[in-house]
Amino acid sequence: MAAHMSTSEVACTLRLVDRTASDLLADHRIARFSHPALAEAFAARWAAPGACKALTREEREALVELVARSDEVANLEVALAAAGLEPDRGLLEYAATGGALRVCAWLVEDDRIEEEIPWGRILLEAADKRQRAAAEWCLAQCPQVSETWLRAAAATAAGNNDLPLMDWLLAKADERAALAGSAAEAGFVDDEEGEDQERRSMPSDLATGQRLCLSAIDACDLANVQRLWQQQLKAGSEGPELLQQAAHRALASPTPDWQAKVEWLLSRGADLPPGSYHSCLELKDGAAVVERFKWLRSRGIRPDPDLALRGSLSFVLFAEIAGTGNVEMMRWLHVECDWDQFGATYTSDAWAAAEDGQPYVRAIERREWSILCRLRQRFSIPFGPPELELFTAAIRAGAPVTALQLLADGQCPGLDWAAAEVEALYPRRNRHRLVVLAWIREQRRRLRIQERVLKLWGAAGRPGQGRRR
């Protein structure tokens, strides 16, 4: 029975039958607002007076939005009453992006939403979440959605590699354009939804053929990119700027044929400058980034040495990669990309870029403690100036003792043990806090002993200050 019920339904009903059911269904203890739940159980919790008294406005809005996404109208009515909120177009947008069409239909009934509904924007958001049914519902509610919004939604679908939805939206856009043309010939003025203010807020290039092609470069294969390129770009619109943007986006594309897309664009006149290395960092897969780095390198493209005078592109790349936690990318850049040439050719300026400590800052910000250690042990990156306060920043971020030990052993600039203890004493959620605090106190105790020994040693070594027998 539980296999045919949602998690929330199991938590609110079946698990409560008896002790045996409770033990068997121990993994179903949480009722999620975004999942369907029985109206009786939901009302028992949220229909009571003051049920939302302890919640902030933001938390009450979040409650209503999550319930709306569950597509349970009865529960949404209870949630709205408990939260003291009225339906608005933001709630409709949230329900549509979650595919909650029953809730969407209820929200637009009887003028429950007093504001003007931005159908074009809701269509765009539905396409972004790959909600074909919600997109169809939007057009059924407002058939006069403008061609601009339809093409914008198609570009969004292309960026998700949702080709059926993209083609359907493009067909609707063509129909809309034909109707608008016929109306213009007949002397009628089409206000295109009357959403002047909403259209003005849209980026000017959102619905152009160029935007659609760039979105396709991100996620579609070469065959579909070429198809859209031919269909959507007007004669003469394929300029150097578009080709450059497309090449950078093809480098960051996760599709298996990314190289074919880049080479096709290069054959049409695109160029790959040294900054192309940065485009690859948009990928989450470290192996894919290294693959693209190697490919750029094989084509003779490398970080421009002239950039060393403005901060060294290599070190900027290294700092960004340190924040991703990918050792493979760091090793490749260090070993294969002529790292030492920057230091030899532009000694003061290039190494000044490395000495700013930014790789450590990035690693600490993202809590990549293994990377923090490798930066010093394997790559010998300088810690940077004392003003960075890397040691206390690491404590604040929840660093374990191993990472702090490395910073201390490397004589991290600006290390202040008293300030470190104060930072460790601050109550925060950190499973290492008590261990770190004990370690810091032990280090301070040892330092005090060393200071006393040195003081006594110095006093014993002075003339006339020897020990008395």
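Numbers for the structure displayed
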{"quantity": "Point-to-point label distance, Ala62-Leu266, nm (Cα→Cβ direction, 7 Å offset)", "calculated": "4.8 nm"}
{"quantity": "Percent breakdown of C-alpha pair distances by 5 Å bin, ordered from the shortest bin, for region 383-463", "calculated": "3, 15, 24, 21, 14, 10, 6, 4, 2, 1, 0"}
{"quantity": "Packing-based order for 295-302, 435-442, using average beta carbon neighbours within 10 Å, highest first", "calculated": "435-442, 295-302"}
{"quantity": "Local electrostatic count, Gly209, Cβ distance below 9 Å [Lys/Arg +1, Asp/Glu -1]", "calculated": "+3"}
{"quantity": "Listed peptides 272-281, 391-400, 91-100 by packing density, highest first (mean Cβ within 10 Å)", "calculated": "91-100, 391-400, 272-281"}
{"quantity": "Within-15-Å neighbourhood charge of Gln405 [Cβ basis; K, R +1; D, E -1]", "calculated": "+3"}
{"quantity": "For region 86-95, Karplus couplings with θ = phi - 60° (6.51, -1.76, 1.60), whole Hz, Gly/Pro x", "calculated": "10, x, 9, 5, x, 5, 4, 4, 5, 5"}
{"quantity": "Straight-distance crosslink candidates among lysines, where the alpha carbon sits under 24 Å from Lys261 and sequence neighbours closer than 8 are dropped", "calculated": "Lys234, Lys284, Lys294"}
{"quantity": "Förster radius 30 Å - calculated FRET efficiency between Glu282 and Gln226 (Cβ-Cβ, nearest 0.05)", "calculated": "0.85"}
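Just so you know, all these numbers are worked out from the coordinates, no wet-lab data involved. Note that this is a predicted model, so its numbers are computed, not measured. Cβ sites come from the backbone with ideal geometry, for glycine too, and all protein chains shown count toward neighbours.
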